[in-house]
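Remarks on the structure that follows.
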Amino acid sequence: MSVTWALPFDQKITPKLNVNKVVSINTYKEIHSQTVKDYKQFWSSVASELDWFKPWEKPLDDTNPPFYKWFVGGEINASYLAVDRHAKSWRKNKVAIIWEGEPTDEKGNPKEIRKLTYYDLYREVNRVAYLLKQKYGLKKGDAIAIYLPMIPELPIFMLAAARIGVVFTVVFSGFSADALANRINDAEAKLLVTADGGWRRGKVIDLKGIADKALEKTPTVKDVIVVRRIGNRVNMVEGRDKYFDEVMKDVPQNAYVEPERMKSEDPLYILYTSGTTGKPKGIVHDTGGYMTLLHATMKWVFDVRDDDIYWCTADIGWVTGHSYIVFGPLMEGVTEVLYEGALDYPQPDRWVSIIERYGVTILYTSPTAIRSFMKFGDNWVKAHNVSTVRLMHSVGEPINPEAWEWLWKLVGREEVPFGSTWWMTETGGIMISHLPGLYLVPMKPGTNGPPILGIDADVVNEDGKPVNPEERGYLVIKNPWPGMPLTIYKDPERYVKVYWSRFPGMFYAGDYAVKDKDGYFWILGRADEVIKVAGHRLGTYELESALIEHPAVAEAAVVGVPDPVKGEVPYAFVILRQGYSPSPQLTQEILKTVREKVGPIATIDKVFFVGKLPKTRSGKIMRRVVKAVATKAEIGDVTTLEDEASVDEVKKALEEFK
Ligand code: 6R9
């Protein structure tokens, strides 16, 4: 658990903007309880705002819990919702995506800006759908993998796949060859889309080189499409690899592909996320329910309007980007910014210059980003005009009140609505949040606010009983919701076990939370082996598995410890094999192994060498004890500990760390 600050339960702030939407928490609770009581009917009325090819017969099939099916009998297509509808409307020539590349000229101005209208997007998505269908023979039910940087081709490929019913899995460009290969193999992807590289902090990430390594062990992949981003020479395998621009030459400019009539419960994508074991979980999202939740939250949480410039600073490789860069905003027909690179490159004011350049009105960012901006000081922000911003939200980890106040004052001018939206890969979209577009309850710095309409969230104790206000417990969701997972891909038992078994009949989120007297939620952090490093979700077990791949490492325990900027960072405690002794060089080698196995995002903050690790009598490493020592917390019950001297070993390693 990473929260160490005091929570301002009683501090209530009402924004000066959007005041017409402000309601008291009691009024909100009344409205909310109605929507929860009749949640099937409530979500049906939301879903009816989307364009369905065929209406559903039943809002929810709950005959086989927890494998719920939303809007059964209905037919819909996510790509149709995101592009065709706008291409046929007055939004045709409205800008959909303003893309800005990372490289800048000597004056600090971006070298490349691309603007795609909804009609451009419609045409490109159709052409790529044609390519995938006609040239590569892909059809409904096939799977592809996408390993691309933040360039317009990424949403285009996602939407093209969705158009023809091809399930896609996007792999974040910070993952390694091994991580990519595992995901491709689990999804049995037939085709991989990658690039000749991507820019990050002025350096080129060799995506094709990493992909080539992954492709050595992915028997299902027959074809590779390489998008040229950098323009450097990369290895191309005859018969397997083709450049995107070259294969597109044979696709008619006006290609049109009929959107597949997907059943509401047909899968849209698989997104792999870390859990408590080494193997990432392939979360499968449906089409109709997922799009319904995104439609609702785009309106309620972001209050999007046609004159907005919306910017979500996440990477599309994570769920935030899937839902709130690709499917949500495009379905709503907004103009959005898509930025390729690091928010503080080449200078700490890159992000504010982007707000200023395009007149961003809605900003969706993360606590880690905010804390890193804070570190650089206020002047970088003050040098730019950010007065266009009218609404902000944060996501990914708990936001500390200081970071909240800093951004609210400096960018929000102490007047905009600003919330912290809680949700996770599994929930598909936002679950607990302020709703400035609908009914806005007063804000409190750091809170997540109340559950959104139609969502019955609660905080419970070990026995699944609601805790008292201000008492810590586990976050659960008590009713099915549109956007919930269909399953874990190829592992339905694990889906039941991980999420639905701890508290029968309730979805277990894996987070600690408190509810204050007003009914506001405050999510405190993970209650399991998952850590959020700079908002990126990692499993400590994945990192441990990577560590022991190094020949010198006999055993390893990884725990998350609080960090002032990244929220949490991983510390590794390592027992070396006989014949090896600690050295800075060995540390570097070990870190390199983890980077190779998991990816550059998996940077272990510190490696500690120990002779023993706290274990139970049956030989299981007690990470809880390691974590307590590392964070100077109460060690708690140690009756199952095999050897108390191991605790001193960990303490000593921390004290003597150089
Ligand atoms: C969207 C996303 C999910 C975990 C979740 C929780 C943490 C996300 C948060 C938050 C406090 C917020 N989390 N948003 N904690 N306040 N506003 O981040 O999905 O990568 O699957 O992570 O992130 O711990 O359980 P994902």
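The values are calculated or read from the model by the stated rules, or taken from the named source; none is laboratory data. Here the structure is a predicted model, which is why all the values come from computation and not from measurement. Please note: Cβ atoms are built from the backbone with ideal geometry, for glycine as well, and neighbour counts cover all protein chains shown. Quick note on the areas: whole protein, heavy atoms, side chains included, nothing else; ligands and nucleic acids left out. Shrake-Rupley method; radii C 1.70, N 1.55, O 1.52, S 1.80 Å.
With the requirement that a residue be surrounded by fewer than 18 Cβ atoms within 10 Å (Cβ to Cβ), assigned to a loop (DSSP other than H, G, I, E, B) and not polar (S, T, N, Q), what does the stretch 68-105 give you?
Gly73, Lys88, Lys94, Pro103, Asp105
For the stretch 227-256, how many residues meet the condition of being open to solvent by 50 Å² or more (accessible area, probe 1.4 Å) and not in a loop (DSSP other than H, G, I, E, B)?
Number satisfying all stated conditions: 3.
Just checking, which of Ile156, Ile184, Ile151 is buried (at least 20 other Cβ atoms within 10 Å of the Cβ) and in a loop (DSSP other than H, G, I, E, B)?
Testing whether each residue is buried (at least 20 other Cβ atoms within 10 Å of the Cβ) and in a loop (DSSP other than H, G, I, E, B) leaves just Ile151.
Would you please name the residue that is surrounded by the most Cβ atoms within 10 Å (Cβ to Cβ), looking only at residues in the stretch 106-143 that are in contact (Cβ under 8 Å) with a residue 60 or more places away in the chain, among the aromatic types (Phe, Trp, Tyr) and in contact with a Lys or Arg (Cβ under 9 Å, 6 or more places away or on another chain)?
Checked the stretch 106-143; the qualifying residue surrounded by the most Cβ atoms within 10 Å (Cβ to Cβ) is Tyr118.
Which one is nearest to Asn400 (Cα to Cα), of the residues in the stretch 534-554 that are open to solvent by less than 10 Å² (accessible area, probe 1.4 Å) and aliphatic (A, V, I, L, M)?
Selected residue: Leu538.
From the list Gly505, Gly483, which residue is open to solvent by less than 20 Å² (accessible area, probe 1.4 Å) and in a loop (DSSP other than H, G, I, E, B)?
Unique residue meeting the criteria: Gly483.
In the stretch 506-530, which residue that is near the ligand (Cβ under 9 Å from one of its atoms) and among the β-branched types (Val, Ile, Thr) is nearest to Glu30 (Cα to Cα)?
Going through the qualifying residues, I end up with Ile523.
Search the stretch 496-505 for residues being within 15 Å of the ligand (Cβ to nearest atom) and touching a residue at least 60 places away in the same chain (Cβ under 8 Å), and hand back the single one that is nearest to Gly464 (Cα to Cα).
Out of the qualifying residues, it is Tyr499.
For Ile362, all conditions in the list (1) more than 16 Å from the ligand (Cβ to nearest atom); (2) surrounded by fewer than 24 Cβ atoms within 10 Å (Cβ to Cβ); (3) in contact (Cβ under 8 Å) with a residue 40 or more places away in the chain; (4) within 27 Å of Gly525 (Cα to Cα) hold save one; what is the number of the exception?
(2)
May I ask you to say which residue of Gly174, Gly275, Gly209, Gly165 is surrounded by fewer than 18 Cβ atoms within 10 Å (Cβ to Cβ) and not polar (S, T, N, Q)?
Gly209
Being touching a helix residue (DSSP H, G or I) at 6+ places or on another chain (Cβ under 6 Å) and open to solvent by 10 Å² or more (accessible area, probe 1.4 Å) is the filter; apply it to the stretch 396-443 and report the residue that is nearest to the ligand (Cβ to nearest atom).
The extreme case among them is Thr425.
Filter the stretch 616-658 down to the residues that are part of a loop (DSSP other than H, G, I, E, B) and farther than 23 Å from Asp563 by Cβ and list them by number.
Correct list: Arg617, Ser618, Gly619, Lys620, Asp637, Val638, Thr639, Thr640, Glu642, Asp643, Glu644.
Is it the case that Gly539 is touching a residue at least 60 places away in the same chain (Cβ under 8 Å), more than 11 Å from the ligand (Cβ to nearest atom) and over 21 Å from the mean Cα position of the chain (by Cα)?
no
From the list Leu7, Leu17, Leu60, which residue is open to solvent by less than 20 Å² (accessible area, probe 1.4 Å) and either among the hydrophobic types (A, V, I, L, M, F, W, C) or out of contact with any Ser or Thr (no Cβ under 8 Å at 6 or more places or on another chain) (or both)?
Leu60
Which of the residues spanning the stretch 444-456 are in contact with a helix residue (DSSP H, G or I) (Cβ under 8 Å, 6 or more places away or on another chain), within 30 Å of Gly282 (Cβ to Cβ) and within 14 Å of the ligand (Cβ to nearest atom)?
Pro451, Ile452, listed by residue number.
So how many residues does the stretch 385-430 have that are among the hydroxyl-bearing types (Ser, Thr, Tyr), touching a residue at least 40 places away in the same chain (Cβ under 8 Å) and part of a loop (DSSP other than H, G, I, E, B)?
2
Among Asp105, Asp84, Asp142, which is closer than 16 Å to Tyr256 by Cα, out of contact with any helix residue (DSSP H, G or I) (no Cβ under 6 Å at 6 or more places or on another chain) and acidic (Asp, Glu)?
Asp84
Determine, yes or no, whether Lys592 is in a helix (DSSP H, G or I), open to solvent by 20 Å² or more (accessible area, probe 1.4 Å) and not hydroxyl-bearing (Ser, Thr, Tyr).
So Lys592 fits the description; yes.
Return the residues of the stretch 529-549 that are farther than 16 Å from Gly599 by Cβ and part of a loop (DSSP other than H, G, I, E, B); say none if nothing qualifies.
Listed by number, the residues that qualify are Glu529, Ile548.
Do you know which of the residues in the stretch 550-566 that are part of a strand (DSSP E or B) and closer than 21 Å to Lys375 by Cβ is nearest to the ligand (Cβ to nearest atom)?
For the stretch 550-566, the residue satisfying everything is Gly560.
Condition check: open to solvent by 60 Å² or more (accessible area, probe 1.4 Å) and assigned to a loop (DSSP other than H, G, I, E, B). Does Gly579 satisfy that?
Against the criterion (open to solvent by 60 Å² or more (accessible area, probe 1.4 Å) and assigned to a loop (DSSP other than H, G, I, E, B)), Gly579 qualifies.
So that you can scan it fast, the table gives a plain yes or no per residue for (1) touching a helix residue (DSSP H, G or I) at 6+ places or on another chain (Cβ under 8 Å); (2) at pLDDT 95 or above; (3) within 16 Å of the ligand (Cβ to nearest atom); (4) among the basic types (Lys, Arg):
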| position | (1), (2), (3), (4) |
| --- | --- |
| Asp266 | no, yes, no, no |
| Tyr269 | yes, yes, yes, no |
| Gly278 | yes, no, no, no |
| Thr292 | yes, yes, no, no |
| Val301 | no, yes, yes, no |
| Asp307 | no, yes, no, no |
| Glu332 | yes, yes, no, no |
| Glu356 | no, yes, no, no |
| Thr368 | no, yes, yes, no |
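In the stretch 557-576, how many are of a type in the set (A, V, I, L, M, F, W, C) and open to solvent by 10 Å² or more (accessible area, probe 1.4 Å)?
Count: 3.
Which residues, counting only those in the stretch 508-528, are on the phi > 0 side of the Ramachandran plot and assigned to a strand (DSSP E or B)?
Once the filter is applied, which keeps residues that are on the phi > 0 side of the Ramachandran plot and assigned to a strand (DSSP E or B), the stretch 508-528 yields Gly510, Gly525.
Pairs under 7 Å by beta carbon, first residue free of Cβ contacts under 8 Å to residues at least 40 places away in the same chain in the stretch 295-307, partner part of a loop (DSSP other than H, G, I, E, B), six or more apart or different chains?
Going by the 7 Å Cβ cut-off, the qualifying pairs are Met298/Val304; Met298/Glu332.
Among the residues of the stretch 38-50, are any under 23 Å from Lys140 (Cα atoms) and surrounded by fewer than 21 Cβ atoms within 10 Å (Cβ to Cβ)?
yes
Only one residue in Val36, Val22 is over 30 Å from Pro492 (Cβ atoms), in contact (Cβ under 8 Å) with a residue 40 or more places away in the chain and of a type outside the set (Ser, Thr, Tyr). Which one?
Testing whether each residue is over 30 Å from Pro492 (Cβ atoms), in contact (Cβ under 8 Å) with a residue 40 or more places away in the chain and of a type outside the set (Ser, Thr, Tyr) leaves just Val22.
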